[in-house]
1. Could you pull out the longest piece of the chain with no exposed loop GluC sites (Glu not before Pro) in it, calling a site exposed if DSSP puts it outside H, G, I, E, B and it has at most 15 other Cβ atoms within 10 Å?
2. What does the charge dipole of the chain about its Cα centre add up to, to the nearest 20 debye, if the Cβ of each Lys and Arg holds +1 and the Cβ of each Asp and Glu holds -1?
3. Just the projected area, averaged over all directions, of the convex hull on the alpha carbon atoms of the chain: how many nm²?
4. For n ≥ 4 DSSP H runs only, could you compute -39500 (n - 2.57) per run for the chain, divide by its residues and tell me the 222 nm figure to the nearest 500?
5. For the peptides 183-192, 291-300, what is the packing order when you average, over each peptide's residues, the other Cβ atoms within 10 Å and list the highest mean first?
6. Under 10 Å, Cα contacts only: if you run a Gaussian network model on the chain, which one of 242, 281, 132 comes out with the highest mean-square fluctuation?
7. Could you please rank 143, 240, 279, placing first whichever residue has the fewest other Cβ atoms within 10 Å of its Cβ?
8. Build a GNM of the chain with springs between Cα atoms under 10 Å: which of 256, 264, 248 gets the top mean-square fluctuation?
Amino acid sequence: MTVGDIISQTPIPDEGPLAVEGEAARKIEGRSPWRLAWERLRRDRAAMVSIVVIVLIVAMAVFAPVFGSITGHGPNQQFRQTGLNPEGFPTGPGSNFVLGTDDQGRDVLVRIAYGARISLIVGVLATAITVTIGVIVGLAAGYFGKIVDTILTRVVDIFLSLPFLLFAISLASVVGPSLTIVIVVLAIFGWSTVARIVRGQVLSIREREYIEAARSLGAGSWRIMFIDILPNIIAPIIVYTTLLIPVSIVGEATLSFLGIGVQSPTADWGQMISDASKYYTAAWWFLVFPSLALLITTLAFNIFGDGVRDAFDPRADRMFG
């Protein structure tokens, strides 16, 4: 018997768990962190449901005029004869008004659809401004360090100590309540938290080898910050951004509820809830449906944000847990 026959007849031992681990490693080999995060997110049923809900809310906001055309009711159109009962109270849900009417005889369904526009615009725009300012300040503070870090950190501490509602009321009393004031207030009070998060991330990686290599090649500070550092900390920024959108939506509704945000007759969920507080015993639908719209929207964004967080960091120790 030759050596080749002996080798061919020798049984190959079963590698057991090691073979399984090797096969799993080969399956994920070459996959980027973004692809792995997307695959984890796709397996998260709650996150997928929240995405569907968010898409439906966005569609409702975009096609709000379609709701008005189908029902034949404008967002500010008052139906004094059919939208109010003989006592002057709102009429309940029915064939003419699917979700009932408000205290002015306006269609609650149509106004909720138009109110979604305000909430989404403020949520996205205020969050974009907040994150942009926070990222720039956090990058500068974490990268330059020393006196720059000290000054910017103290500025962040000052903004974190400002009373939110008192500042908003004071600003509205000076320049008047408006949608712009809402966005400005939310941006002013949100960027400091983003700056702190980004600063901590930059401090943890600014002395790594690839950063030192970029410096040795003559790269400028701003290029290193935005080309070499920012892409490596984008994941926690995305996570916090998704969680900041519902905070901005609730903040806008709160300011409008207090009368220093969007003003009537513009359809706004916070303003509708404020008006409905006088009629909740006689017209429950006037309070319940705008409140449900606000609750479902913020809950969907929060669940989606949690899913994004888990997708990027599946370990037990999470930054925002």
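Throughout, read-outs are computed from the coordinates displayed, never taken from laboratory work. Nothing here was measured: the structure is a model prediction, and the numbers come from that model. Every residue, glycine as well, gets a Cβ built from its backbone with ideal geometry; the counts of neighbours run over all protein chains shown.
1. 88-206
2. 620
3. The number I arrive at for the chain is 27.2 nm².
4. -22500 deg cm²/dmol
5. 183-192, 291-300
6. Looking only at 242, 281, 132, the largest GNM fluctuation is found for 281.
7. 279, 143, 240
8. 264
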